[in-house]
Structures are given as C-alpha cells and as structure tokens.
1. In this structure, is residue 57 over 13 Å from the mean Cα position of the chain (by Cα) and either among the acidic types (Asp, Glu) or closer than 13 Å to residue 102 by Cβ (or both)?
2. Against the definition (in contact with an Asp or Glu (Cβ under 9 Å, 6 or more places away or on another chain), more than 30 Å from residue 122 (Cβ to Cβ) and without any contact (Cβ under 8 Å) to a residue 60 or more places away in the chain), how does residue 26 come out, yes or no?
3. Count, please, the residues in segment 66-107 that happen to be among the polar types (S, T, N, Q), touching a helix residue (DSSP H, G or I) at 6+ places or on another chain (Cβ under 9 Å) and surrounded by 14 or more Cβ atoms within 10 Å (Cβ to Cβ).
4. Report, by residue number, each residue of segment 52-78 that is part of a loop (DSSP other than H, G, I, E, B) and of a type outside the set (Gly, Ala, Ser).
5. Could you list, in sequence order, the residues of segment 6-51 that are open to solvent by 20 Å² or more (accessible area, probe 1.4 Å), within 17 Å of residue 111 (Cβ to Cβ) and in a loop (DSSP other than H, G, I, E, B)?
6. Could you tell me whether any residue of segment 18-32 is of a type in the set (A, V, I, L, M) and more than 16 Å from the chain's Cα centre (by Cα)?
Amino acid sequence: QVQLVESGGGLVQAGGSLRLSCAVSGRPISTYAMGWFRQAPGKAREFVAAISRGGGITDYGDSVKGRFTISRDNAKNTVQLQMNSLKPEETAVYYCAANTYMSFDSGEYDYWGQGTQVTVSS
C-alpha cells in the first residue's frame, strides 16, 4: 500500500514563501512521477506542478510558473514544492499525488495524500 503524507502548510502573508513536502512510503518514490494539486473551497482541483520519476522533467500550471519549484529526493522518498510570492487567491488545500507517468490531469493519478492547508493572508 502506497501512502503519501504532506507537511509544511500553514499561514503566510501575501508575498511570502512556504515549502511543502510529501513523504512517500510503501514503494520507492522513484517508481512514480509526482504531482502537486490544490483545491480551494467551491472550486475544482487545480494542477500546480509535476515532476518525472528521475526529476529531469518538470511542468507547472500557468499561474505558478516562475514562482513555484517542484523537486524530489528519491533517496529520501520525498517530493517538495517551494512556493514564493504567494497570493491570497492561492489559499487552498494542497495535495501531492503519485502516478506512473507525468500528467496535469488529476484523474490520472493513482495515489493521493490527505492534503495540507495553505492560507495566504492579504
């Protein structure tokens, strides 16, 4: 059974930074491409970023390009999301997800964490 656990969420002022982490257990993280998604109340789940199994390929949602960075440490079975210049409208629950291939489509991911709340105050 693959389990994903996110951490690092919290309250930050607009313009600030947070670093989210996702720990994977049950299988080596190198088995999976990893993605980050977010969901605000009343809104659909939104693609944030994805990274290939080896870490050599990354992809970002248009709204976060240039501000967010996804990375992974396969030796530690973790994936991170560095978020800079945060905006109030980015307040949401952030989820990490695992899949055998990279995708921006949340429906294609096999495993999900429970999510971590990020609140950006204005």
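1. Details: over 13 Å from the mean Cα position of the chain (by Cα): yes; either among the acidic types (Asp, Glu) or closer than 13 Å to residue 102 by Cβ (or both): yes.
Here the answer is yes, as residue 57 does meet what is asked.
2. Details: in contact with an Asp or Glu (Cβ under 9 Å, 6 or more places away or on another chain): no; more than 30 Å from residue 122 (Cβ to Cβ): yes; without any contact (Cβ under 8 Å) to a residue 60 or more places away in the chain: yes.
So residue 26 does not fit the description; no.
3. Of segment 66-107, the ones among the polar types (S, T, N, Q) are 69, 71, 74, 77-78, 80, 82, 84-85, 91, 99-100, 103, 106.
When the remaining residues are screened for being touching a helix residue (DSSP H, G or I) at 6+ places or on another chain (Cβ under 9 Å), the result is 74, 77-78, 99-100.
Narrowing the set further to residues that are surrounded by 14 or more Cβ atoms within 10 Å (Cβ to Cβ) leaves 74, 77-78, 99.
Residues in segment 66-107 being among the polar types (S, T, N, Q), touching a helix residue (DSSP H, G or I) at 6+ places or on another chain (Cβ under 9 Å) and surrounded by 14 or more Cβ atoms within 10 Å (Cβ to Cβ): 4 in total.
4. As a first pass, look at segment 52-78 and keep what is part of a loop (DSSP other than H, G, I, E, B): 52-57, 61-67, 74-77.
Selection gives 53, 57, 62, 64, 65, 67, 74, 76, 77.
5. Within segment 6-51, 26, 27, 28, 45 meet the criteria.
6. Start the filter on segment 18-32 by keeping residues that are of a type in the set (A, V, I, L, M), which leaves 18, 20, 23-24, 29.
Narrowing the set further to residues that are more than 16 Å from the chain's Cα centre (by Cα) leaves none.
No, there is no match, as no residue in segment 18-32 is of a type in the set (A, V, I, L, M) and more than 16 Å from the chain's Cα centre (by Cα).
The values are calculated or read from the model by the stated rules, or taken from the named source; none is laboratory data. Just so we're clear, the structure is a prediction, and the values are computed from it rather than from any experiment. As a convention, Cβ positions derive from the backbone with ideal geometry for all residues, glycine included, and neighbour counts pool all protein chains shown. These area figures cover heavy atoms from the full protein model, side chains too; ligands, DNA and RNA do not enter into them. Shrake-Rupley method; radii C 1.70, N 1.55, O 1.52, S 1.80 Å.
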